[in-house]
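Novice: This is the structure, below, for whatever I ask next.
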Amino acid sequence: MDLKEGIRTFRESDNFFISLTRDILSVAAAVLAFSTISYIIFGMWTPMVAVESGSMEPHMNIGDIIFIQNIERTSVITKADSSSDYMSFKENGDVILYRPYGREDVTPIIHRAMYFVKAGEPMWEGGPVAPHDGYITKGDNEKTNMVYDQQGQISYLTPVKEEWIIGVARYRIPYIGKIRLMLPF
């Protein structure tokens, strides 16, 4: 049997194990293609996160899948810096995905970058001074996020350092992430 005949047999065989192998290779090829395209476009092998809380409602809901562009391929435009024609998820300023306090062992937060502060500047009007340069962030949900993350428990008195930012939110697929949120891992 030559190579050409072997390939045809592999492609056309009804044998259970050959068919299973074909299916597994097809799925692996699809995952590899998706990952490669994701890396080319977003700069990340896995550019998606599922929204786990309602802190960004009404612009992002629990279970939405959000596509993230790697921070190394973009820059953050804050709500204070953005022009009135620049909108991200129906409001001015970029939505960023960041690790609170830079910790790898906690769930990343996806909130809007409100403005940037330098070390020694007040973090908000009448507030304490920033211990280092960073972003002041806040969720869009006015009912649950009445204060900046740095005034509450998420990133208490700590602006988000640039190196803690994973990326900038770019696209949203509603509710498809509910499947991911139901999984225990």
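Novice: Take the residues of the stretch 2-19 that are in a helix (DSSP H, G or I) and acidic (Asp, Glu): which is farthest from the chain's Cα centre (by Cα)?
Specialist: Taking the stretch 2-19 and keeping what is in a helix (DSSP H, G or I), we get 3-12, 16-19.
Within this subset, residues satisfying the condition of being acidic (Asp, Glu) are 5, 12.
Working: Glu5: 46, Glu12: 41 Å.
So the residue we want is Glu5.
Novice: Something else: Criterion first (in a loop (DSSP other than H, G, I, E, B) and more than 23 Å from Met182 (Cβ to Cβ)) does Asp85 satisfy it?
Specialist: yes
Novice: Among the residues of the stretch 128-137, are any surrounded by fewer than 18 Cβ atoms within 10 Å (Cβ to Cβ), under 25 Å from Gly43 (Cβ atoms) and over 20 Å from the mean Cα position of the chain (by Cα)? Explain how you work it out, then say what you get.
Specialist: Taking the stretch 128-137 and keeping what is surrounded by fewer than 18 Cβ atoms within 10 Å (Cβ to Cβ), we get 128-129, 131-133.
If we keep only those that are under 25 Å from Gly43 (Cβ atoms) as well, we get 133.
With over 20 Å from the mean Cα position of the chain (by Cα) added as a condition, the list becomes 133.
Yes; the residues of the stretch 128-137 include at least one that is surrounded by fewer than 18 Cβ atoms within 10 Å (Cβ to Cβ), under 25 Å from Gly43 (Cβ atoms) and over 20 Å from the mean Cα position of the chain (by Cα).
Novice: Could you check Ile41 against (1) at pLDDT below 90; (2) closer than 18 Å to Tyr135 by Cβ and say which number it fails?
Specialist: Here Ile41 meets the rest and fails (2).
Novice: Could you check Ile62 against (1) over 15 Å from the mean Cα position of the chain (by Cα); (2) among the hydrophobic types (A, V, I, L, M, F, W, C); (3) in a loop (DSSP other than H, G, I, E, B) and say which number it fails?
Specialist: (1)
Novice: Being in a strand (DSSP E or B) and touching a Leu at 6+ places or on another chain (Cβ under 7 Å) narrows it down to one residue among Ile68, Ile96; which is it?
Specialist: Working: Ile96 fails: touching a Leu at 6+ places or on another chain (Cβ under 7 Å).
Only one candidate qualifies: Ile68.
Novice: Restricting to the stretch 53-98, what's the tally of residues that are in contact with a His (Cβ under 9 Å, 6 or more places away or on another chain), closer than 15 Å to Tyr115 by Cα and among the charged types (D, E, K, R)?
Specialist: 1
Novice: Residue by residue through the stretch 45-58, note down the ones that are in a loop (DSSP other than H, G, I, E, B), under 14 Å from the mean Cα position of the chain (by Cα) and over 10 Å from Leu181 (Cα atoms). Write out each step before concluding.
Specialist: Kept after step one, since they are in a loop (DSSP other than H, G, I, E, B), are these residues of the stretch 45-58: 45-47, 51-58.
Subsequent filtering for residues that are under 14 Å from the mean Cα position of the chain (by Cα) retains 45-47, 51-53, 56.
Scanning the stretch 45-58 gives Trp45, Thr46, Pro47, Ser53, Met56.
Novice: Further question: For the stretch 126-136, indicate whether the set of residues that are out of contact with any helix residue (DSSP H, G or I) (no Cβ under 7 Å at 6 or more places or on another chain) and at pLDDT below 95 is non-empty.
Specialist: For the stretch 126-136, residues out of contact with any helix residue (DSSP H, G or I) (no Cβ under 7 Å at 6 or more places or on another chain) and at pLDDT below 95: present.
Novice: Collect the residues in the stretch 145-173 that are among the β-branched types (Val, Ile, Thr) and closer than 26 Å to Ile65 by Cβ, keeping them in residue-number order.
Specialist: Pass one, the stretch 145-173, residues among the β-branched types (Val, Ile, Thr): 147, 154, 158, 160, 165-166, 168, 173.
Those that are among the β-branched types (Val, Ile, Thr) and closer than 26 Å to Ile65 by Cβ: Ile154, Val160, Ile165, Ile166, Val168, Ile173.
Novice: When you scan the stretch 102-123, how many residues do you find that are more than 26 Å from the chain's Cα centre (by Cα) and not in a strand (DSSP E or B)?
Specialist: Quick first cut of the stretch 102-123, residues more than 26 Å from the chain's Cα centre (by Cα) only: 119-122.
Within this subset, residues satisfying the condition of being not in a strand (DSSP E or B) are 119-121.
Counting residues in the stretch 102-123 that are more than 26 Å from the chain's Cα centre (by Cα) and not in a strand (DSSP E or B) gives 3.
Novice: Right, next: Given (1) outside the structural domain of Val168 (by TED's automatic domain parsing); (2) surrounded by 11 or more Cβ atoms within 10 Å (Cβ to Cβ); (3) over 18 Å from Arg172 (Cβ atoms), where does Ser82 come up short, assuming only one miss?
Specialist: Result: Ser82 passes all but (1).
Novice: While we're here: Restrict the check to the stretch 153-173 and report whether at least one residue is assigned to a strand (DSSP E or B) and among the polar types (S, T, N, Q). It would help to see each step written out before you state the result.
Specialist: Looking only at the stretch 153-173, we keep the residues that are assigned to a strand (DSSP E or B), and these are 160, 165-173.
Filter once more, so that each one left must be among the polar types (S, T, N, Q): none.
There is no residue in the stretch 153-173 that is assigned to a strand (DSSP E or B) and among the polar types (S, T, N, Q).
Novice: Could you tell me which residue of the stretch 138-152 is surrounded by the most Cβ atoms within 10 Å (Cβ to Cβ), considering only residues that are in a loop (DSSP other than H, G, I, E, B) and touching a Ser or Thr at 6+ places or on another chain (Cβ under 9 Å)? Please lay out each step first, then the result.
Specialist: Taking the stretch 138-152 and keeping what is in a loop (DSSP other than H, G, I, E, B), we get 139-148, 152.
This time we only want the ones that are touching a Ser or Thr at 6+ places or on another chain (Cβ under 9 Å), so: 139-141, 144-145, 148.
On the way: Gly139: 26, Asp140: 20, Asn141: 17, Thr144: 12, Asn145: 21, Tyr148: 20.
Among residues in the stretch 138-152 that are in a loop (DSSP other than H, G, I, E, B) and touching a Ser or Thr at 6+ places or on another chain (Cβ under 9 Å), the one surrounded by the most Cβ atoms within 10 Å (Cβ to Cβ) is Gly139.
Novice: Can I ask one more? Any chance the stretch 12-20 includes a residue that's out of contact with any Ser or Thr (no Cβ under 8 Å at 6 or more places or on another chain), assigned by TED's automatic domain parsing to the domain that holds Ala113 and of a type in the set (Asp, Glu)?
Specialist: no
The values are calculated or read from the model by the stated rules, or taken from the named source; none is laboratory data. This one's a predicted model, so the numbers in the text were calculated from it and none came from an experiment. Reconstructed Cβ throughout: ideal geometry from the backbone, glycine too, with neighbour counts over all protein chains shown.
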